[in-house]
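The values are calculated or read from the model by the stated rules, or taken from the named source; none is laboratory data. Everything quoted here is computed from the prediction, not taken from an experiment. Note that we place each Cβ from the backbone using ideal geometry, even for glycine, and neighbour counts take in every protein chain shown.
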Amino acid sequence: MKKQVIIDTDPGPDDGVAILTALGSPLIEVLGVCAVAGNVPLHHTVRNVCKILELAERQDVRVFGGAKTPLARPLFTAEYVHGKTGFDGYDLPEPTMPIQSQYAADFIVEEVISRPPKSITICALGPLTNIAIALGRDDRIAERIEQIVWMGGALSEGGNVTPAAEFNCYVDPEAARRVLSSGAQVVMMPLDVTHKAHVTAERIERFRTMGNQVGPIFAELLTYAKQFDWQKYGVDRAPMHDPTTVAWLLKPELFSGLHVNVEIETASPLTTGMTVIDWWGVTNRQKNAYVVRDLDTEGFYNLIFETFSRLP
């Protein structure tokens, strides 16, 4: 039976690779894609979701617009990485597919409540605003969701937007706190694991020579987006963040981690958005997330290329 998945996202090329990995897998049914403001404002993230789906010839997948701003603070975006549109680097056609009128958080609640318990997984590729709003509207969904697999946070890698905070958590730390305190089963893909999923020039070339339309286009998008990381971390050290969430659903044996307590800092000027992870169990705080720390990098990329090869 296929895994039933809702993708919540703020594309970004990494998000695009994650979405396409899910669409290319025969093991996943994408019930809908929810857009949230994050990497770029909401009007761009909605448009980028549609561009991805049309590129994959999957206009049958429903798209929902969500939160324009975080729960309690102004929106912080990352055009300095992804460009003004979030998809700078390749001029994808303007999409024509419709956007659903239903609000993303309401769609999440409706789907989770209407289906059997533990039958839906949410892949969260951006700030957790939509999911936090959904939990605020009906807290029953926390125990009915099979997993929330979130790309966010950091343990020992430090932050990528401040010294302490990873971008997705920094954008909406109040939302992250609400999700992690909800009782839902959370799997967290922090920078510690995504920084081991390096996008090398050789791997981008594998996208470029894939022989379909999707691979070469994403080679261009990734080349543009990863220039920032190559300058920051060094050549061939650019991380591939968001696809780790989908890879976890398909091959969890590629990853390893621990079930631990994670708390979110929301007040400190220095450390807002920091994920305080009790890796060694030095407190008696309740364990609320499975935090992934390692992966089989070659196996991870082989999985991505395998799923991409099934796309148009």
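List of remarks:
- A count restricted to region 110-141 and to residues that are of a type in the set (Gly, Ala, Ser) and over 26 Å from residue 72 (Cα atoms) stands at 2.
- Remark: residue 243 falls outside the filter, which requires a residue to be touching a His at 6+ places or on another chain (Cβ under 6 Å), surrounded by 19 or more Cβ atoms within 10 Å (Cβ to Cβ) and under 24 Å from residue 86 (Cα atoms).
- Qualifying residues in region 90-124 (those that are in contact with a helix residue (DSSP H, G or I) (Cβ under 7 Å, 6 or more places away or on another chain) and among the hydroxyl-bearing types (Ser, Thr, Tyr)) - the one modelled with the lowest pLDDT: 90
- Test: residue in region 199-210 that is out of contact with any helix residue (DSSP H, G or I) (no Cβ under 6 Å at 6 or more places or on another chain) and of a type in the set (Ser, Thr, Tyr): yes
- Qualifying residue in region 110-120 (condition: in contact (Cβ under 8 Å) with a residue 60 or more places away in the chain and either closer than 20 Å to residue 42 by Cβ or in contact with a Ser or Thr (Cβ under 7 Å, 6 or more places away or on another chain) (or both)): no
- Subset of region 9-37 (residues that are of a type in the set (Ser, Thr, Tyr) and in contact with a strand residue (DSSP E or B) (Cβ under 8 Å, 6 or more places away or on another chain)): 9
- Matching entry among 40, 17, 5, 49 (being over 21 Å from residue 212 (Cα atoms), under 13 Å from the mean Cα position of the chain (by Cα) and either in contact (Cβ under 8 Å) with a residue 40 or more places away in the chain or part of a helix (DSSP H, G or I) (or both)): 5
- Checking each residue in region 79-108 for being surrounded by 20 or more Cβ atoms within 10 Å (Cβ to Cβ) and either within 17 Å of residue 8 (Cβ to Cβ) or touching a strand residue (DSSP E or B) at 6+ places or on another chain (Cβ under 8 Å) (or both) picks out 86, 104, 105, 107, 108.
- Scanning region 238-287 for residues that are closer than 17 Å to residue 152 by Cβ and charged (D, E, K, R) yields 242, 263, 265, 278.
- Selection status of residue 159, among the small types (Gly, Ala, Ser) and within 13 Å of the chain's Cα centre (by Cα): no
- Filtering 223, 275 for residues that are at pLDDT below 95, more than 22 Å from residue 5 (Cα to Cα), surrounded by 16 or more Cβ atoms within 10 Å (Cβ to Cβ) and touching a helix residue (DSSP H, G or I) at 6+ places or on another chain (Cβ under 9 Å) leaves a single hit, 223.
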